[in-house]
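A.B. asks: What follows is a structure written as structure tokens; I'll ask about it next.
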Amino acid sequence: MTDKNQISFEDQILNLAAKELRTQRPLVLSTKQAAETIGISTSTLAKFRLAGEGPKYSKLGRRVFYEEAELRKWISENQHASTDEYGQYC
């Protein structure tokens, strides 16, 4: 006889699997999530898209998505040692 408060082994496994799925990072980030991740506003990110200056993105219908790897790559590619160096490449 089992206690009503006791969880079966199968339910424990299912609960652990569900918890793991909830803690995994999303495949892609929304514009809002991407902007928060890199510390800029969503409007700045939209302006970058319009000018072709921002990180690569994908569109699915009307929605815009960013891969975290592309955000990291864009940040890495836009590193400068001084303001003089920045002016030479922009």
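The values are calculated or read from the model by the stated rules, or taken from the named source; none is laboratory data. Owing to the predicted nature of the structure, the values given are computational and were not obtained by experimental measurement. Here the Cβ is made from the backbone with ideal geometry for all residues, glycine too, and neighbour counts use every protein chain on show.
A.B. asks: Within region 5-31, can you find the residues that are out of contact with any Lys or Arg (no Cβ under 8 Å at 6 or more places or on another chain), modelled with pLDDT of 80 or more and within 13 Å of Leu71 (Cβ to Cβ)?
C.D. replies: Passing the criteria: Val28, Leu29, Thr31.
A.B. asks: Does any residue of region 37-57 turn out to be touching a residue at least 24 places away in the same chain (Cβ under 8 Å) and either assigned to a helix (DSSP H, G or I) or acidic (Asp, Glu) (or both)?
C.D. replies: yes
A.B. asks: Could you run through region 54-88 and say how many residues are among the charged types (D, E, K, R), under 18 Å from the mean Cα position of the chain (by Cα) and surrounded by 10 or more Cβ atoms within 10 Å (Cβ to Cβ)?
C.D. replies: 7
A.B. asks: Given the conditions (1) among the polar types (S, T, N, Q); (2) in contact with a Ser or Thr (Cβ under 6 Å, 6 or more places away or on another chain); (3) modelled with pLDDT under 90, which single one is not true for Thr42?
C.D. replies: (3)
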